[in-house]
Amino acid sequence: MSNAIEIKNLVVSFPTPAGYSAVVRGINLTISPGDRIAIVGESGSGKTMMGLSMLGIQPTSAQVEGEILIGDVNMVSAPDAVARRLRGNYISMVFQEPLTSLNPVRTISSQLSESVRRHNSISKKEAEERVLEVLTAVGIPAPKERMKSYPHQLSGGLRQRVMIALALINNPQLVVADEPTTALDATIQAQILDLLRSGMGDAALMLITHDLAVAADVCNRIAVMYAGNIVEQGPVAEILSNPKHPYTRGLLSAIPKFDQARPALNPIPGSPPTITEVVSGCRFASRCAYADAQCTASEPEFINNVACFHPVTGAIK
Amino acid sequence: MKAVGSRLLQLVVLLGTISTTLFLLLRLSGDPAILLAGEGAGPETIAAIRIEYGFDKSLTEQYLIFIWEIIRLDFGRSLVNSQPAFGFVLQYLPSTLHLTFLAIFFNSVIAIPAGVWLGAKPNQRRRQILSTIVSVTQGTPAYVIGLVLIQIFAVWLGWLPSIAGTGTWAWVLPVATLAFALAPNLIRVVAASIEDTTRQDYYRTAKANGAAPNILLIKHSLPNALLSTTSLLGAQFAFLLSGALITEFIFAWPGLGLILVQSITNLDFPTIQATVFVVAYLVFFVNLIMDQIFRFADPRLRRSQL
Ligand SMILES: Nc1ncnc2c1ncn2[C@@H]1O[C@H](COP(=O)(O)OP(=O)(O)OP(=O)(O)O)[C@@H](O)[C@H]1O
Ligand code: SF4
Ligand SMILES: [Mg+2]
């Protein structure tokens, strides 16, 4: 397979009193095998909805259009029985809140073997061996004992390792990790990021985060989302040193730099449009220092890795 | 152990309150000896009762004696048939247990699958069925259901007896009445719990791992939903034990509910008190058993092993 996944013109919308409103507004994205791409963007920009629809597990009220191609299967239109065979097997997902994301009344082992046995015709015993193997691989100490534990008996960090083990257990080609460290405290965060950086085997990683530093740390590519669109994407070094989109620039200068004597935080003033708000032209225009008449007249297309009429050049000050 | 202790404390407080209330009720509502002697009793009878029951002693002394007696489960003799009240009431227990177990059984067998069916796929049609069930039955008291069942099956069709002890099938109508009275609530709660599980993160995780709808239902929704339904079942159980008063009365079912109604009608204080105590003990044991079931079924309540 040439690509791990290919997303074409993905639109995700929800019903509102005024008809369907899109929260993901025509995204194109290709992830190659072994690729590590970070999706960064403010809260509500549609990162999670994009991730969920890649597995076809968006909320039932959501309407998904476009194409999400995994091999020759289009996850948007494939029958559930077909999509199901890929979920947890070819593509898997790690969620933000590991405690609530594991079934509270079932042991770690039973939840992991359920997934192995669903996608492989192997015996219970072989499945348990696989569970033990993957728990060991994600760095869970005393994995044999932990297998028999219930989620509430583990610490937050171990639970997230279990979630990652669950995502990896069938050797997927792509793992979508949705803010996997947000619910954890700082030292544990670093450990989980280490695991994401070097413990994912051959799987490609799509890491959803609102933290550019985390993105730069774990991934080699960054896609910046704003109000349902990818507004810029490129290699990490390129995005960090030479961001073209005014929003990316804003995000970068919002990162506190403790080694420099300057005011720590410089967030972008204003807020993104709400999902029902009708915006003419560029959705960032109301907050953009570079906006002009052209920007409010029509919406910029995504060309040369950026969706902006006036891409900025030069290093960030 | 801690749970047992706190249940025990609850029981003591409950029984203390009930017995003190009964004690005061009997003594403060006029001359208890006259009350107990009943209408038309001569002065000698009243005097004899006053001495037998110790009403001539001081109130404090009476209270202490009273408490000591109930600790020994000695509630005095029934005013109606002079049997020791406690033993008299106990005779009615098996009958109530019989009714309770059957009613809970049929209630669960009907309501749990129905609730699961309604909650598993909350589409328009199933929602309508659910809200119809709830709106029709919620306002219908058990005695109406009982009377309707009697009218149909005993009076019109003549298929089933309506009075206890009049044949092998005498249990059917009272059990059906209770099951019908309890089922709507159970259906509603099961359906809501099942539906709630589908919004949980672990459900989404299972989906993300390729679980098919039937697996989602059986392995992920059901265990969690049934767990949250257990407490309602426990409450329904306790409710039935505490005397399905009206149902037992309608069907002349010789259980705790019937004896309580009768003893209240007769102002048979010793029997009232003995019945209330038996019921309180039963509820105590049901709660204790429910606690254990919870502990067994919900790993979060077990002692953590790590
Ligand atoms: N079930 C739903 N019904 C209607 N709107 C929804 C639903 N779920 C999400 N949304 C809306 O979709 C938009 C995108 O949500 P999404 O969760 O993808 O954002 P996000 O980028 O992941 O944000 P965060 O960083 O807070 O996780 C938000 O405006 C949100 O309010
Ligand atoms: S298109 Fe215009 S408004 Fe939008 S980001 Fe570029 S410069 Fe700003
Ligand atoms: Mg999100």
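The values are calculated or read from the model by the stated rules, or taken from the named source; none is laboratory data. Just so it is clear, the model here is predicted, and its values are computed rather than measured. Please note: Cβ atoms are built from the backbone with ideal geometry, for glycine as well, and neighbour counts cover all protein chains shown. Protein only, heavy atoms only, side chains kept; ligands, DNA and RNA dropped before computing areas. Shrake-Rupley method; radii C 1.70, N 1.55, O 1.52, S 1.80 Å.
Summary of values
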read-out	value
Only one of A:Ser149, A:Ser123 that is away from ligand 2 (no atom under 16 Å from the Cβ), open to solvent by less than 10 Å² (accessible area, probe 1.4 Å) and farther than 27 Å from A:Ser53 by Cβ	A:Ser149
Subset of the range A:282-317 that is of a type in the set (Ser, Thr, Tyr) and at pLDDT 90 or above - its residue that is surrounded by the fewest Cβ atoms within 10 Å (Cβ to Cβ)	A:Ser298
Test: residue in the range B:59-80 that is polar (S, T, N, Q), loosely packed, with under 14 Cβ neighbours inside 10 Å, closer than 30 Å to B:Glu39 by Cβ and outside the structural domain of B:Leu240 (by TED's automatic domain parsing)	no
Residue count, the range A:280-303 (criterion: farther than 13 Å from A:Ile268 by Cβ, within 29 Å of the chain's Cα centre (by Cα) and not in a loop (DSSP other than H, G, I, E, B))	2
Residue list for the range A:1-26, filter: under 20 Å from A:Val279 (Cβ atoms), open to solvent by less than 20 Å² (accessible area, probe 1.4 Å) and out of contact with any Phe, Trp or Tyr (no Cβ under 9 Å at 6 or more places or on another chain)	A:Leu10, A:Val12, A:Val24
Residue list for the range A:78-98, filter: open to solvent by 20 Å² or more (accessible area, probe 1.4 Å) and either facing another protein chain (nearest Cβ under 7 Å) or touching a helix residue (DSSP H, G or I) at 6+ places or on another chain (Cβ under 6 Å) (or both)	A:Arg84, A:Arg85, A:Asn89, A:Glu97
Single residue of the range A:194-227 satisfying the filter (within 16 Å of ligand 1 (Cβ to nearest atom) and small (Gly, Ala, Ser)) that is surrounded by the fewest Cβ atoms within 10 Å (Cβ to Cβ)	A:Ala213
Counted residues, the range A:127-151 - those being within 8 Å of chain B (Cβ to nearest Cβ) and in a helix (DSSP H, G or I)	2
Condition check for B:Gln292: under 19 Å from B:Gly87 (Cβ atoms), more than 14 Å from chain A (Cβ to nearest Cβ) and in a helix (DSSP H, G or I)	no
Looking only at the range A:189-237, and only at residues there that are among the acidic types (Asp, Glu) and not in a helix (DSSP H, G or I), the one that is nearest to ligand 3 (Cβ to nearest atom)	A:Asp211
Conditions (1) of a type outside the set (A, V, I, L, M); (2) free of Cβ contacts under 8 Å to residues at least 40 places away in the same chain; (3) within 11 Å of chain B (Cβ to nearest Cβ): number failed by A:Lys124	(3)
Condition check for A:Ile31: out of contact with any Asp or Glu (no Cβ under 9 Å at 6 or more places or on another chain), touching a residue at least 24 places away in the same chain (Cβ under 8 Å) and not hydroxyl-bearing (Ser, Thr, Tyr)	no
Odd one out for A:Leu252 among (1) away from ligand 1 (no atom under 16 Å from the Cβ); (2) over 30 Å from A:Asn170 (Cβ atoms); (3) modelled with pLDDT of 90 or more; (4) open to solvent by less than 20 Å² (accessible area, probe 1.4 Å)	(3)
Residue under evaluation A:Thr60, criteria (1) modelled with pLDDT of 95 or more; (2) more than 16 Å from ligand 3 (Cβ to nearest atom); (3) within 14 Å of chain B (Cβ to nearest Cβ); (4) out of contact with any helix residue (DSSP H, G or I) (no Cβ under 7 Å at 6 or more places or on another chain), criterion not met	(1)
Test: residue in the range A:152-163 that is in a helix (DSSP H, G or I), more than 12 Å from every other protein chain (Cβ to nearest Cβ) and among the β-branched types (Val, Ile, Thr)	no
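Rundown of residues vs (1) open to solvent by 50 Å² or more (accessible area, probe 1.4 Å); (2) in contact (Cβ under 8 Å) with a residue 24 or more places away in the chain; (3) in contact with a Cys (Cβ under 7 Å, 6 or more places away or on another chain); (4) farther than 30 Å from B:Ser263 by Cα, yes/no style:
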position: B:Phe101; (1), (2), (3), (4): yes, no, no, no
position: B:Ser108; (1), (2), (3), (4): no, yes, no, yes
position: B:Ala114; (1), (2), (3), (4): no, yes, no, yes
position: B:Gln151; (1), (2), (3), (4): yes, no, no, no
position: B:Ile163; (1), (2), (3), (4): yes, yes, no, no
